[in-house]
Structure formats: structure tokens, C-alpha cells
Amino acid sequence: MQMKAYSNDGNLVVKLDGEIDHHSASGIREGIDKMIAQSRPKTLVLELSDIDFMDSSGLGLVLGRYRKLSEIGSQMFIKNPSPRTEKILCMAGVDKLVKIIKS
């Protein structure tokens with residue numbers, strides 16, 4: 001799992017690559033939470049186009065960041081999820097809480 005992040009005009013963009021499972025989720029969660037605490041972004045964009053696999057730990061990761069951002073008055077978007085990842089997100093109803101954007 002690789003994580004790349006950059007901040008732009010109050011927006012935090014985090015691009016994840018690989019698999020989000022119970023082995024990788026805690027490290028990703030800690031990294032994103034640290035960035036949120038440091039920058040308090042207006043918006044977090046999770047770029048998921050290169051996620052090959054995501055299980056319930058990945059759903060927990062997404063929903064936990066959504067909750068954390070909501071508490072500080074920030075928004076979250078999921079950008080370009082792979083078809084398999086988007087299917088999992090939609091089946092779990094995440095798309096009802098977090099807007100999925102495609103570009």
C-alpha cells in the first residue's frame with residue numbers, strides 16, 4: 001500500500017494505491033488522521049482509482065474519516081474509485097454520505 005498526499009488551497013488530497021485490508025488500514029488511518037489534525041482541511045479528497053482490493057476495514061477507514069471531518073465542519077469526497085471499489089462503496093451505502101466524483 002502506498003499513500004501520497006498533497007495540500008492545495010485548504011484541500012487535502014490523499015491518493016491510495018494497492019489494497020486496503022485489515023493489515024494496511026490502521027497505518028493509512030493514522031497517516032490521514034495526522035494530516036487532518038495538522039492541516040484541518042476544508043475538504044479531504046480520497047483518490048481511490050488505484051485500489052485493487054478493499055474489505056470492511058477499508059469501509060471503516062472511509063467512514064471514520066468522514067465522521068472525523070464532519071466533526072470539524074469539513075467535507076469529504078471520493079475521487080475516481082475503481083469499478084470494484086465503487087461497487088463495494090455503493091453496496092455499503094457510503095455513496096449516500098460521501099459524494100463520489102469522477103473525472
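The values are calculated or read from the model by the stated rules, or taken from the named source; none is laboratory data. All values derive from a computational prediction rather than experimental measurement. As a convention, Cβ positions derive from the backbone with ideal geometry for all residues, glycine included, and neighbour counts pool all protein chains shown. For the accessible areas, the whole protein counts, side chains as well, though only heavy atoms, and no ligand, DNA or RNA atoms are used. Shrake-Rupley method; radii C 1.70, N 1.55, O 1.52, S 1.80 Å.
Among the residues of segment 16-40, just one is assigned to a loop (DSSP other than H, G, I, E, B), out of contact with any helix residue (DSSP H, G or I) (no Cβ under 6 Å at 6 or more places or on another chain) and within 19 Å of Arg84 (Cα to Cα), namely Ser24. Considering segment 1-15, the residues that are touching an Asp or Glu at 6+ places or on another chain (Cβ under 7 Å), over 15 Å from Gln75 (Cβ atoms) and in a strand (DSSP E or B) include one that is least open to solvent (accessible area, probe 1.4 Å), namely Lys15. When residues in segment 55-78 are screened for being touching a residue at least 40 places away in the same chain (Cβ under 8 Å) and surrounded by fewer than 18 Cβ atoms within 10 Å (Cβ to Cβ), 0 of them pass. In segment 25-52, what residues are over 23 Å from Glu71 (Cβ atoms) and open to solvent by 20 Å² or more (accessible area, probe 1.4 Å)? Residues satisfying the conditions are Ser49, Asp50, Asp52.
Filtered by the rule that a residue be part of a helix (DSSP H, G or I) and hydroxyl-bearing (Ser, Thr, Tyr), segment 41-88 gives Ser56, Ser57, Tyr66, Ser70, Thr85.
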